[in-house]
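Undergrad: One structure, pasted below without further comment.
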Amino acid sequence: EAQVTQNPRYLITVTGKKLTVTCSQNMNHEYMSWYRQDPGLGLRQIYYSMNVEVTDKGDVPEGYKVSRKEKRNFPLILESPSPNQTSLYFCASSLSGPGGYTFGSGTRLTVV
Amino acid sequence: GIQVEQSPPDLILQEGANSTLRCNFSDSVNNLQWFHQNPWGQLINLFYIPSGTKQNGRLSATTVATERYSLLYISSSQTTDSGVYFCAALYGGATNKLIFGTGTLLAVQP
């Protein structure tokens with residue numbers, strides 16, 4: 001089944017403890033991206049990657065890192081999480097040409 | 001950048017009713033998608049529809065790109081249709097970013 005898989009689905013952590021949210025897609029998509037969703041602010045892009053080893057900042061990149069060493073994987077790294085990073089996070093992928101985006105099931109992160 | 005507006009913001013239906021959700025966008029788009037966010041937070045892809053009409057069961061969508069709007073039709077609504085419906089347009093250029101509308105919160109009552 002074609003899908004984007006995120007893990008974990010739920011995570012509660014403490015301020016300053018490094019964490020990684022994994023994202024993997026099995027559709028051979030070139031493009032991958034991370035979004036966060038917050039009440040009243042909608043979905044905002046954090047980082048995106050046009051292909052392997054090509055990443056760039058979205059609208060709200062502060063406090064996050066990403067890497068794209070393989071086409072299928074695009075992990076989101078929070079080196080020192082803070083409470084303002086409590087949010088619902090989505091990974092998405094698409095072909096570089098015309099075609100829709102597929103989103104992962106989301107990761108609900110709480111930083112205390 | 002592209003502005004995406006949705007209406008109505010909220011909608012309450014009785015089970016079995018039909019509804020139409022609207023999405024207006026401010027510029028021409030190459031990608032227009034409809035998503036359903038269920039009560040568990042998952043974003044489900046409903047339609048990729050930059051133009052024309054598509055149908056999938058009780059749901060159908062129409063995009064009139066020249067007039068910059070898209071419509072999502074839900075017929076014979078069920079309680080499982082409840083949630084938030086988003087349309088999203090692709091902002092072109094290097095970022096390939098989806099611009100989401102503010103959503104329509106749908107509640108279907110039994």
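Read-outs: derived from the displayed coordinates by stated rules, not from any lab. Please read all numbers here as calculations on a predicted model, not as lab measurements. Don't worry about glycine lacking a Cβ; one is built from the backbone with ideal geometry, like all the others, and counts go over all protein chains shown.
Undergrad: Return the residues of segment B:21-46 that are more than 19 Å from A:Leu88 (Cα to Cα) and either facing chain A (nearest Cβ under 8 Å) or among the aliphatic types (A, V, I, L, M) (or both); say none if nothing qualifies.
TA: Selection gives B:Leu21, B:Val29, B:Asn30, B:Asn31, B:Leu32, B:Gln33, B:Leu46.
Residue-by-condition table, conditions (1) away from chain B (no Cβ under 14 Å); (2) in a strand (DSSP E or B); (3) surrounded by fewer than 22 Cβ atoms within 10 Å (Cβ to Cβ):
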position	(1), (2), (3)
A:Asp59	no, no, yes
A:Glu62	yes, no, yes
A:Glu70	yes, no, yes
A:Ile77	yes, yes, yes
A:Pro81	yes, no, no
A:Asn84	yes, no, yes
A:Phe90	no, yes, no
A:Gly99	no, no, yes
A:Thr110	no, yes, yes
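Undergrad: Another question, then. In the set A:Leu109, A:Leu43, which member is more than 21 Å from B:Tyr48 (Cβ to Cβ) and out of contact with any Pro (no Cβ under 7 Å at 6 or more places or on another chain)?
TA: A:Leu109
Undergrad: It is to be established whether one or more residues within segment B:80-101 are polar (S, T, N, Q), touching a residue at least 12 places away in the same chain (Cβ under 8 Å) and touching a Phe, Trp or Tyr at 6+ places or on another chain (Cβ under 8 Å).
TA: no
Undergrad: Confirm whether A:Gly40 is surrounded by 20 or more Cβ atoms within 10 Å (Cβ to Cβ), assigned to a loop (DSSP other than H, G, I, E, B) and without any contact (Cβ under 8 Å) to a residue 24 or more places away in the chain.
TA: No.
Undergrad: Which residues, taken from segment A:17-34, are in contact with a strand residue (DSSP E or B) (Cβ under 6 Å, 6 or more places away or on another chain) and either farther than 18 Å from B:Gln37 by Cβ or in contact (Cβ under 8 Å) with a residue 60 or more places away in the chain (or both)?
TA: Of everything in segment A:17-34, those that are in contact with a strand residue (DSSP E or B) (Cβ under 6 Å, 6 or more places away or on another chain) and either farther than 18 Å from B:Gln37 by Cβ or in contact (Cβ under 8 Å) with a residue 60 or more places away in the chain (or both) turn out to be A:Leu19, A:Thr20, A:Val21, A:Thr22, A:Cys23, A:Ser24, A:Gln25, A:His29, A:Glu30, A:Tyr31, A:Met32, A:Ser33.
Undergrad: Determine which single condition B:Ser60 fails, assuming it passes every other condition in (1) in contact (Cβ under 8 Å) with a residue 40 or more places away in the chain; (2) among the small types (Gly, Ala, Ser); (3) more than 11 Å from chain A (Cβ to nearest Cβ).
TA: The number of the failed condition is (1).
Undergrad: Show me the strands (runs of 3 or more DSSP E) found entirely inside segment B:1-71 where at least 2 residues are exposed (fewer than 13 other Cβ atoms within 10 Å of the Cβ).
TA: Hits in segment B:1-71: B:10-14, B:52-56.
Undergrad: Over 15 Å from A:Thr13 (Cα atoms) and in contact with a Gly (Cβ under 8 Å, 6 or more places away or on another chain): does that describe A:Tyr47?
TA: Considered against the rule, which asks whether it is over 15 Å from A:Thr13 (Cα atoms) and in contact with a Gly (Cβ under 8 Å, 6 or more places away or on another chain), A:Tyr47 comes out as yes.
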